[in-house]
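Let me begin by presenting the structure, written as C-alpha cells, before commenting on it.
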C-alpha cells in the first residue's frame, strides 16, 4: 500500500507470518462468527480472518486505510466503521460478538474500559497489547504489576496471557515488547457488587496513592469500625486486596 504509519494513531503493523498464524490459531474463527476487528491496519489479521468468516466488521479511524480497504476487500465480506473505537457502540452489532485487534497502545486501557460497558454482548476478546499492560491485567495481588486495571478487569473477565511478541514482528518496530491475551466475560461476576459504580469508586480511591495505606486512601469512605467488621487490616495497601475484598468493601458501604 505504501502507507506511512501514523504515530498519532499508534500504528505498528504486524508482519511476522509465524506470529500471525499463532494468533489465528488462538482466535480460532468460525464461519458464522459475529466478529469485529479493532484497528485492522493493513490486514495482517483481516485477510486470513476473511478466508474463514462469512462476514467481518472492522473499526478503523484512519481514512487513508479505510479507502484502501474499500478498494481491497469485497463489500459483501466486510463492513467498515470509520470511527474512533472509543466512540463505537459494540453492542449495536448484536449479542454474541467476538472482538479482536492489535490495539493502539496509546489508548489501549481506555478501549478496554469502554468494552466493559457492553461486556454482556461479548463472547470473547483477543488483543495484541503492550506486554506491560497485559502483565498488569493478569497480575495477582501483592505484586508490583497489580493495580486498578487488574481489579476492574478481573471483576468481569477471565484472562489468559497467550503469547509474547517481540518488537521485530512489527513494522515499524515498537520500543516495547507486546503480548497477545484472551479475555472471556464471566457469565456472572464471581463476586457480584451490589453497586458497581460504588465498587469502581472504591477501587479508584484505593489505588489513587498506592504507597499509602487503605486507612488513608479510603478515608471518608470506610472508618475503623468498617475495617473491623470486614476483617480487613487498614494498614494494608490497595495492592494487597483481591477482587473479593474490594467487592466486600463496596457491598458493606452499599447497605
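The values are calculated or read from the model by the stated rules, or taken from the named source; none is laboratory data. These numbers come from a predicted model, not from an experiment. As a convention, Cβ positions derive from the backbone with ideal geometry for all residues, glycine included, and neighbour counts pool all protein chains shown.
Flag set for residue 44, criterion: modelled with pLDDT under 95, part of a loop (DSSP other than H, G, I, E, B), touching a strand residue (DSSP E or B) at 6+ places or on another chain (Cβ under 7 Å) and at negative phi. Within the range 185-211, which residues are modelled with pLDDT of 95 or more and in contact with a strand residue (DSSP E or B) (Cβ under 7 Å, 6 or more places away or on another chain)? Across the range 185-211, the qualifying residues are 185, 186. Scanning the range 49-63 for residues that are within 17 Å of residue 107 (Cα to Cα) and at pLDDT below 95 yields 60, 61, 62. Checked against the criterion of being within 19 Å of the chain's Cα centre (by Cα), surrounded by fewer than 18 Cβ atoms within 10 Å (Cβ to Cβ) and within 26 Å of residue 114 (Cβ to Cβ), the range 198-220 has at least one qualifying residue. The single residue among 94, 147 that is on the phi > 0 side of the Ramachandran plot and more than 13 Å from the chain's Cα centre (by Cα) turns out to be 94. Would you confirm whether or not the range 116-125 contains a residue that is free of Cβ contacts under 8 Å to residues at least 60 places away in the same chain, surrounded by 14 or more Cβ atoms within 10 Å (Cβ to Cβ), in contact with a strand residue (DSSP E or B) (Cβ under 6 Å, 6 or more places away or on another chain) and in a strand (DSSP E or B)? Looking for residues that are free of Cβ contacts under 8 Å to residues at least 60 places away in the same chain, surrounded by 14 or more Cβ atoms within 10 Å (Cβ to Cβ), in contact with a strand residue (DSSP E or B) (Cβ under 6 Å, 6 or more places away or on another chain) and in a strand (DSSP E or B), one finds at least one in the range 116-125, hence yes.
Can you work out which of the residues in the range 231-245 that are surrounded by 15 or more Cβ atoms within 10 Å (Cβ to Cβ) and free of Cβ contacts under 8 Å to residues at least 24 places away in the same chain is nearest to residue 139 (Cα to Cα)?
Applying the filter and picking the extreme gives 245.
Can you find, within the range 68-98, the residue that is nearest to residue 47 (Cα to Cα) among those that are in contact (Cβ under 8 Å) with a residue 40 or more places away in the chain and in a loop (DSSP other than H, G, I, E, B)? Filtering first and then ranking leaves 85.
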